[in-house]
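Here the structure comes first, spelled out in structure tokens, and everything after it is commentary.
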Amino acid sequence: VEIFIVLRSTAMLSQTQHLLAAAAMLACTVEALVVSPVAVRSPAGASARHTVLHRRPLPPLSAAPPDATHVPSPFAAQTMKPKKTRKRTLVATSAKQKSEEDRVGVATSGIRQLIGLRGASDTEAEPLWKIRLQLTKPATWVPLIWGVACGAAASGNYRWAFLTPGASLADGAEDLAKAVACMILSGPLLTGYTQTLNDWYDRELDAINEPYRPIPSGRISEGEVIAQIIVLLVGGLGLAAACDAWAGHDIAADPLNSILCIAIFGSIVSYLYSAPPFKLKAEGWRGCFALGASYIALPWWCGHAMFGTLTPEVVLLTSLYSFAGLGIAIVNDFKSIEGDRALGLKSLPVEFGVDGAKYICAALIDSTQLAVAAYLFALHETTYGLVLLGLIAPQVLAQFAYLLKDPIEYDVKYQASAQPFLVLGILTTALAVGHHGGAAWPF
């Protein structure tokens, strides 16, 4: 009966295929006969029942026994082929996407490594100039360049061609050249000196935490690093002296307004921050304030002195603003808390814990800016004071959304959402000082 059913279901096959299929089914059925009785009605539908003993169901037509000729079903072939093709397509697409991601990842890592950001990885052999550039960490130049622009604005004497009354194209070009010279001094030269010096004294620590850095990876020799430190320092001090001459400063008569004196002071602070036995970066409060002042006060002083007169009031105001920089420095310490604790570094997150340090950080940033806004109101620069208050508001919102929620998980999001308003607030303060004719005591 089963042979009859199979033959009926395969009527479309040739006679040869019929015979082969029947032989295969018969062999399989005979081999399977052993165990249980199953009642099957006859094809004529009679009431009599025929007993067939079998152990397992018959295999499909395409599943012939190993010793028989295999007769594949055309329908099975049609259903399997698309699945195989799709699988190969998915594998090929996945491999292609992975290849693209790998290429993008390598390119991104290379850029991050070149500008000195964390999260890079070691790359193939690079020319020496690229390795030297990595040591200077170009990503850290930006705040210093911005600080110079703020100082120039605070002086009240920067001339824009055709925009400042009485300023010619030559006047605008000269002041632009002066500003660019101060930016090169503060950014590539002295910040490059500071970062290279810091990497040199942190080479053993970087060998653990950032082994892709040029010094621990061995891609630059000790002599080449020391030579770079000397060249950047001497070049920076030389350009500072040239800027003094360009601005017509008398260094002996007015050292406070000397760009060279500011550069020397900043270079000493950089050495004390990085080098033992002082190593201010290992001390919580002093290290963070030194870092904040280097990013806010020193470049402001440089730009201000180039175009105007640096007064004690300006020094005090910018030093006050450096406490906001101290708060930003704390944000950068959260992710390294475990390493700092293991190495005995007294960062504020280590000393006060994550919860204590995050509130200290927010309080320093907000209270500093509120105090500066109050100072602007006291100078009767009401418009600038209101603008500064408006710039503080989104920073507070970002603190509740990210910093106070989880400063380790959301430090990058916090800085990306809050720091643009902080630096715009510094520029607003600089413009207010310039509009007022310089900083002054409010009483």
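The values are calculated or read from the model by the stated rules, or taken from the named source; none is laboratory data. On a predicted model such as this, the values are computed, not experimentally measured, just so you know. No Cβ is skipped: glycine too gets one built from the backbone with ideal geometry, and neighbour counts run over all protein chains shown. For accessibility, only protein heavy atoms count, side chains too; no ligands or nucleic acids. Shrake-Rupley method; radii C 1.70, N 1.55, O 1.52, S 1.80 Å.
Here is how the numbers come out for the structure above:
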item	result
Residue count for the range 321-351, restricted to those that are farther than 23 Å from ALA416 by Cα and in contact (Cβ under 8 Å) with a residue 40 or more places away in the chain	7
LEU348 vs. criteria hydrophobic (A, V, I, L, M, F, W, C) and within 23 Å of the chain's Cα centre (by Cα)	yes
Some residue of the range 376-396 being surrounded by fewer than 21 Cβ atoms within 10 Å (Cβ to Cβ), among the hydroxyl-bearing types (Ser, Thr, Tyr) and farther than 30 Å from GLY438 by Cβ	no
The range 217-243 residues that are among the basic types (Lys, Arg), paired with ones that are part of a helix (DSSP H, G or I) and open to solvent by less than 40 Å² (accessible area, probe 1.4 Å) (beta carbon under 8 Å, 6 or more apart)	ARG219/ILE131
Of the criteria (1) out of contact with any Gly (no Cβ under 6 Å at 6 or more places or on another chain); (2) modelled with pLDDT under 90; (3) open to solvent by less than 20 Å² (accessible area, probe 1.4 Å); (4) more than 30 Å from CYS182 (Cβ to Cβ), which one SER347 fails	(1)
Among the candidates ALA329, ALA439, ALA357, residue that is among the small types (Gly, Ala, Ser) and over 24 Å from THR140 (Cβ atoms)	ALA439
Test: residue in the range 181-194 that is touching a helix residue (DSSP H, G or I) at 6+ places or on another chain (Cβ under 9 Å), open to solvent by less than 60 Å² (accessible area, probe 1.4 Å), assigned to a helix (DSSP H, G or I) and more than 16 Å from ALA263 (Cα to Cα)	no
Residues of the range 385-424 that turn out to be touching a Ser or Thr at 6+ places or on another chain (Cβ under 9 Å) and hydrophobic (A, V, I, L, M, F, W, C), as a count	6
Scope the range 169-199; condition touching a residue at least 60 places away in the same chain (Cβ under 8 Å) and of a type in the set (A, V, I, L, M, F, W, C); matching residues	ALA179, ALA181, CYS182, LEU185, LEU190, LEU197
Of the criteria (1) open to solvent by 50 Å² or more (accessible area, probe 1.4 Å); (2) more than 21 Å from LEU291 (Cβ to Cβ); (3) of a type outside the set (Lys, Arg), which one PRO214 fails	(1)
Cβ-Cβ under 6 Å pairs, at least 6 apart or on other chains, the range 359-385 side more than 12 Å from GLN399 (Cβ to Cβ), far side in a helix (DSSP H, G or I) and of a type in the set (S, T, N, Q)	VAL372/THR429; TYR384/THR428
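Conditions tested, residue by residue: (1) more than 30 Å from GLU174 (Cα to Cα); (2) among the β-branched types (Val, Ile, Thr).
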{"residue": "GLY287", "(1), (2)": "yes, no"}
{"residue": "PRO299", "(1), (2)": "no, no"}
{"residue": "THR309", "(1), (2)": "no, yes"}
{"residue": "THR318", "(1), (2)": "no, yes"}
{"residue": "LYS335", "(1), (2)": "yes, no"}
{"residue": "ALA342", "(1), (2)": "yes, no"}
